[in-house]
Structures are given as structure tokens and as C-alpha cells.
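Below: the structure, in C-alpha cells.
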Amino acid sequence: MDIGIIANPASGKDIRRLTARASVFDNQEKSAIVRRCVAGIEGLCPDARIHYYPDSHQITAAALVGSELSSQPIDMKKTGTSQDSTEAARHLRHASVVISLGGDGTNRAIGKSLGDVPLIALSTGTNNAFPVFCEATSAGMAAAYIAMGCVSTDEVAPSTKALHVTYQNGDTDFALIDVVGTRDLFYGSRAILDPSNYVFAVLSVADPSKVGMTAIGGMTQVVSDEHHYGLTLSFPQDSVDSSKKVVYAAVAPGLVRPIRLKDVGQIDIDKPLQFLGATMLAFDGERERVLRADETVTVCVRRDGPRRVDVKACIESVVPSTMHPCVGLKRVERHAN
Amino acid sequence: MELNNEVLLDIHRRMVRIRTFETEAGKLAEAGKIPGALHLYVGQEAVASGIMAHLSNEDWITSTHRGHGHLIAKGGEFGRMFAELFGRATGYCKGKGGSMHISNMDLGMLGANGIVGAGPPIAVGAAFSIKYRKTKNVAVTFFGDGASNEGSFHEAANMAALYKLPLLFVCENNGYGEYTAQANHQAIVDVADRAAGYGMPGVVVDGMDAVAVYEAADAAIARATAGDGPSLLECKTYRFFDHVGVRGMGLTYRTDEELAEWQKRDPIHIFEARLAELGVVSKEEAVKIHEDVLTEVQAGIEFAESSPLPDPATLLEDVYA
């Protein structure tokens, strides 16, 4: 009954606290969230073993103080970059379930290497199309039920869609929600700040109730994880470029803007789509890769994203059997010790 | 503010001016030609340059004991700066301030300061004056992770947020308060976390990336001038030299490996590489810019060396008490 926890200390702190009205997630709050997760796990599954990313702020280590759960930090080399989340996830491929704290960027990094392990993604980021706002105690309980085998993960943790990126030189990349081409010239503060710089976007899901590019696409057409296609958007490149459609969408937390669209289309799963530079590629809301003028990139929607746990469905699925012996017995055993 | 070629060249030039001045100042200090302690800014150039590219002489800044970079980025002249370091009468403070008190009101530079954490309250006063006079300027206070533990910082943050002052708190978190690693002097990793406690936004910025700093400053200045109050920008950075003087390698309080990792992200090298890719500044042009700045620095040193020492009769002039 191994449960992984990856809490990203860097999430929820970027420039969008200034350019928009995004929430600040300080690391004490993240630690409190993990503490409630741990309480949820411990309340149902005292024999669970916690394996956690040893972040620089000791978010999870601090949250485990006072817990009687068996726990150990992942033995890994840290870089202080998003690679740490990817590396931590790689070490957790044996776990029954992983809990993450972060935004889309964090879960993108985790999704690169987690494989089929169910992921409970708690939102502590900025653009939160992938993770969810959810009471952490419930998330911990859901993790415990999964670890104990009390629920069918096929039912409560279906695979999401993902975007696979292949560069001309054979390098590959990965995004969960969106791949966006922009006219930005520098990585800078990473966030995509100016909608007038949008060139194109490929979306795995388009949800008008979220923020960011998925919300823009979602205002034209709702595309969920259940749909067997994604969405493509293109944007007018100058003021005389005709734009047939204007949508009002939440481009960032607390920031609703009119966005002019040139074209909207669907892209079938597994059908590659090619783009030609020069552009800055942003993945899940962050500028990540410069594409030269003569360089092409291929983007493909596939149904092999992380298996995201629906916490509500997970807990509700055990309601008829809350007195299941595997729950009660383990508590008794632990108390007897 | 649009990030056009003119702005890019401006940021680059500010960074090169700081790096060259500080490198040569370090050599002079090691040669025993500069009296007193010298806290050099090499490695942190992107912070001062990315911020100061937005400011005019009517915008005020307060600095730290590591203040040369701030004054250079604000427009300081090499000759008068070296003269101040040498204790000459032609220096910005007539040779009486030295490295840690270098200042110039005409440039809006309210002073380096040998007292850790002394700058923020001064900047609060400057920001209050801007608000009182109803101009569209801002004040910026630079401080370090160590200073963020001082009461003066917290009092300044409280008052600035209370009065919604046009003030940027810029924490240059280089990981060390003098010789003490951050983990040994505060229980947090992100100083930006402290902003929420005073009712202002705090963000973490890559302090080795001049454009990241520039963008964050742009947003914070827009808030400030719109009357929305102060912001805290925590710029994660690193000094390549020792706390005092030059020696970077072989120090006991940090490892050479750590330094080498940060040097891979040298803010000037990163910026020049991208400028070359974009065709803004070729590698050859960058070399020429460095050479030209070095010539300027050498002229500044000659000016300073040939300048007179202050007349002892002026000892009690220009002092408060």
C-alpha cells in the first residue's frame, strides 16, 4: 500500500499574481493541505507507506511530523526545476496512487513519467485545468481507498488525453491541456501574458469553466476527456486580419478578455498536426521552447495522459460498503499495536 | 513597456556595465588600491538591469551594502563611482561615503547602506512623497533574503501596503545572508510568501533572466502607478564572488559545485546567446560592446586616480551630525 506525494514548492507564485488576480499559494498552506491528505490516509489506512518528493521547503516532511504512517523521502538528485517532479514521479511508478500539489505545469511534469499510476491532482497552481480544487482530507481518503483496493481504478481514474510533441530533430515533449504557439521572443517569466501574441493552439480539452487557453477554446466548443478529439485554434496576426469570431474568456485567474479567433477546428486522436516556426511554444501555460523559422513541430492528441482520480466518484463508490472488512480490520489491527 | 530592440540593447548594456565595473573594481581591491570592504554584484546583474530599464531619474531607489550595480544600472558614471570608492573629492559623495554609502540624488539613488534592512523604510518615505505629490513615479527598494528577517523590512511592508504606496520591494535572494545559507536563517524558502501577510502580492522571479525580471517589474510598476499599491518581487539569483571581495571558489560556506551550477546560468551569457539568435546583437558586436565598456571603465579609473583627496577642512561638511 504505497502512496506517493509530490508537492511542488514553486507552484502558485509566478507573475500572474501581478498581471492577473491569481491566488498566492504559500508553502505553509501547501504543507497544511498535505497534512490533511495524510490525515485522510491515516484515518482509513494506517498501514499505508508514504513515499514523498523531498522538496526544498520540506512541505511534505513537515506535514508528516506527528503522523504514525510509515514514510520516507524519495532518494533522488534534485535540480530545483520541474525535472524534479518528473524524476519523483518516475520513482513512484510502483505506487498504488500518487497525490500531487501544483498546477497544470506541475502535473505536466509528473505526467511525463508516472505511467498508469492513478493521480489525485490537487490544485495549488495558477492555471488549473488539470488539477481540481478539492478538500485535501477527502483526497487522502480517496488515496487510501485506492491503495486498499476498495475501488475500481478503471472506474474512478480513467486515462486523460495528452498532447505529444515531436520536433524536427526527433526530440519529444508532452503537455496535458494545451500546446500554444506565441510570438513571444523570450522565455522570460514563462507565463503567456499577452493574448495578442497568440498564433495557434492545440487543446486536448476545451473547458469554458476553467482559465487559460482551454477556456478560450471552450467558449467555441466544449471538448472533454470523453471526446475522441481535441481542438485547434488559430488567431489573427494583425489588425487587418479578418476575425470572424470573438469570445470572452478567462485568460488568467481574474482576467476576462475578448479574444479574436481566426479558425477553430477539431483534431482527431492520434492524427498528427504539423506547424512551422518561428514561434515560442508554450506547454500548459508556460513558455518552454523556441522554434526556429525553418523548424517544424508535430502535435498529436493521444489518450495516454495520466489516470486522473475523480475524488468524489472514488469516495461515493465505497458508500454502500463503508463497513467493508478491509477498512475496519486494519484500524483495529493498528490500534491493537 | 514594449520589449523592442532598443530596450533589449539597453538592458544588455546595463548588465555589461555592471559586470565590467565590478570585475575591475575587484581587481583594484585585491591590489589594495581601494580602502574598506567591497561587496561586488557579479552574477546578479539581471536584477538591477531588468528593473532599472523601467525607471527614470524621477523614480527613487534604495540600495544595499552591495550597491554598485544598482547605481550603475540607474545611470551612475564610472569616473565618479571609482572616485568614491577611492575616497576622492570628485566622488559621488565627495569621497566621504565610499562603497557602502554611494548615492546620487540627481539619479534618484537614495543610497547604498551598510545597515542590513535599512533601505525599505527610506523607500517608504520616497514612495509616500510620490503619492503625496501625485506624480506617476515609483520607488524601488532592493534588499536581500537576510534583510527580509529585519524588523525594518516588516514595518516598511506594513506601512507601504496600508497606504497603497507606489513601491516595489525587490528581494535579491542570492541564497546567503552574508555567509549564512538561507536554510540556516529563515524557515521559508520563498521570501515572496511573506508578502501576503501584509496584504500585497508576492511573486517569485528568475533573477538570472533579465527578461523575466523586466516583465515582473513592468507588471508591478503598472500596479503601483495605477494606485493598487506595493508588490514584492523575489528574484532568485546568485553572487559569483564572495560576500566581500572577489574569491568565489574554495569557500567554506558554499561548494564550488553549487557555484558552477549557477554559473551555467550566467545572466549575461544567457541573454547574449538569445540576442544573437534573434539577430539583435551578434557575437562580434557583443565583444565590441564589452571592449567599449572596458575602455570606459579604464577611463573612469584614471579619472579617479588622478582626482584629489578631500580637503581635511571639509571634514565636517555634508554630514548630518
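Please give the FRET efficiency for B:ASP10 paired with A:GLN266, using the beta carbon to beta carbon distance and R0 = 35 Å, rounded to the nearest 0.05. Write down the numbers at each step before the final one.
Values: r = 45 Å, r/R0 = 1.29.
After rounding to 0.05, the efficiency reads 0.20.
For the protein assembly as shown, go through all pairs of different Cα atoms, get the mean of 1/r, take its inverse, and jot down that Kirkwood value in Å. Walk me through the numbers on the way to the answer.
Working: mean 1/r = 0.0376 Å⁻¹.
Taking every pair of different Cα atoms in the protein assembly as shown, averaging 1/r and inverting gives 26.6 Å.
If the cut-off is 15 Å between C-alpha atoms, which aspartates and glutamates fall inside it for B:LYS264, apart from same-chain ones fewer than 8 positions away?
B:GLU45, B:ASP206, B:ASP209, B:ASP256, B:GLU272
Given only helices, namely DSSP H runs of n ≥ 4 each adding -39500 (n - 2.57), what is the per-residue ellipticity at 222 nm of chain B, to the nearest 500 deg cm²/dmol?
Details: 10 runs with 135 residues, N = 321.
Helices in chain B give a 222 nm mean residue ellipticity of -13500 deg cm²/dmol.
Once you have a ≥ b ≥ c as the square roots of the Cα gyration tensor eigenvalues for the range B:159-304, tell me rounded if a/c is under 1.5, and otherwise prolate or oblate according to whether a/b is larger than b/c.
Working: a/c = 1.92, a/b = 1.31, b/c = 1.47.
Cα axes put the range B:159-304 in the oblate bin.
Given all pairs of different Cα atoms, what value in angstroms does the Kirkwood hydrodynamic radius of the range A:198-325 take? Provide the component values of the computation, followed by the final result.
Working: mean 1/r = 0.0602 Å⁻¹.
Mean inverse Cα-Cα distance, inverted, gives 16.6 Å.
Given a cut-off of under 8 Å on Cα pairs at least six residues apart, what relative contact order in percent is computed for chain A? It would help to have the intermediate numbers written out before the result.
Working: 820 pairs, mean separation 64.8, N = 337.
Dividing the mean separation by the residue count of chain A yields 19 percent.
Using alpha carbon centroids, what distance separates the range B:249-272 and the range A:67-135, in Å?
29 Å
Find, among the GluC sites (Glu not before Pro) in the range A:64-139, those assigned to loop by DSSP (not H, G, I, E, B) with at most 15 other beta-carbon atoms within 10 angstrom.
A:GLU68, A:GLU135
Tell me the Kirkwood hydrodynamic radius of the range A:169-221 in angstroms, computed as one over the mean inverse distance between distinct C-alpha pairs. Write down the numbers at each step before the final one.
Working: mean 1/r = 0.0821 Å⁻¹.
One over the average 1/r among Cα pairs gives 12.2 Å for the range A:169-221.
Quick one: A:SER152, A:SER85, fewest Cβ neighbours within 10 Å first, how do they rank? Before the final figure, lay out the partial values.
On the way: A:SER152 11, A:SER85 28.
Ordered from fewest to most neighbouring Cβ atoms within 10 Å, A:SER152, A:SER85 come out as A:SER152, A:SER85.
Only helices at least 18 Å long along their axis, Cα-based, and averaging -0.5 or more on Kyte-Doolittle count here, so list those DSSP H runs from chain A.
Values: long enough: A:27-44 (26 Å, -0.07).
Span-like helices, by this rule, are A:27-44.
Could you give the nm distance between label points at A:THR172 and A:VAL246, where each point is 7 Å from its Cα heading toward the beta carbon?
Rounded to a tenth, the inter-label distance reads 4.3 nm.
With a/c under 1.5 counting as rounded, go ahead and sort the range A:45-164 into rounded, prolate or oblate using the C-alpha gyration tensor (a ≥ b ≥ c being the square roots of the eigenvalues; past the cut-off, prolate if a/b is larger than b/c, else oblate). Can you show the working numbers first?
Numbers: a/c = 1.41, a/b = 1.03, b/c = 1.37.
Since a/c stays below 1.5, the shape of the range A:45-164 is classed as rounded.
In whole angstrom, how long is each semi-axis of the equivalent ellipsoid of chain A, when you take the square root of 5 times every eigenvalue of its Cα gyration tensor and sort them from largest down?
Working from the Cα gyration tensor, I get semi-axes of 37, 20, 18 Å.
Output the relative contact order of the range A:162-302, whole-number percent, from Cα pairs under 8 angstrom with separation of 6+ residues.
Details: 360 pairs, mean separation 40.7, N = 141.
29 percent.
Going through the range B:120-212, which trypsin sites (Lys or Arg not before Pro) have at most 10 other Cβ atoms within 10 Å and a DSSP loop state? Intermediate results must be reported in sequence, preceding the final value.
On the way: sites: B:LYS131, B:ARG133, B:LYS134, B:LYS136, B:LYS164, B:ARG194; in loops: B:LYS134, B:LYS136, B:LYS164.
Taking the range B:120-212 and a limit of 10 other Cβ atoms within 10 Å, the loop trypsin sites (Lys or Arg not before Pro) found are B:LYS134.
Work out which trypsin sites (Lys or Arg not before Pro) in chain A are exposed loop sites (DSSP not H, G, I, E or B, at most 14 other Cβ within 10 Å) and give the longest gap free of them. Walk me through the numbers before you get to the answer.
Numbers: sites that count: A:ARG21, A:LYS77, A:LYS78, A:ARG93, A:ARG183, A:LYS244, A:ARG292, A:ARG303.
In chain A, the maximal stretch lacking such sites is A:94-182.
At q = 0.08, 0.12 Å⁻¹, what is the log10 ratio I(q)/I(0) for chain B, with the Debye formula run over Cα points and no solvent?
Listed by q, the Debye log ratios stand at -0.34, -0.79.
May I ask for the distance between the Cα centers of the range B:101-134 and the range B:60-94, given as a whole number of Å?
Answer, in whole Å: 15.
Is there a pair in A:LYS78/B:LYS74; A:LYS13/B:LYS74; A:LYS262/B:LYS136; B:LYS74/B:LYS164; A:LYS78/A:LYS312 whose C-alpha atoms are over 30 Å apart, and which pairs would that be?
Details: A:LYS78/B:LYS74 37 Å; A:LYS13/B:LYS74 28 Å; A:LYS262/B:LYS136 38 Å; B:LYS74/B:LYS164 25 Å; A:LYS78/A:LYS312 34 Å.
From A:LYS78/B:LYS74; A:LYS13/B:LYS74; A:LYS262/B:LYS136; B:LYS74/B:LYS164; A:LYS78/A:LYS312, over 30 Å: A:LYS78/B:LYS74; A:LYS262/B:LYS136; A:LYS78/A:LYS312.
None of the figures in this text is laboratory data; all of them are computed from the coordinates on show. Everything quoted here is computed from the prediction, not taken from an experiment. A quick note on method: Cβ atoms are made from the backbone with ideal geometry, for glycine too, and the neighbour counts reach across all protein chains shown.
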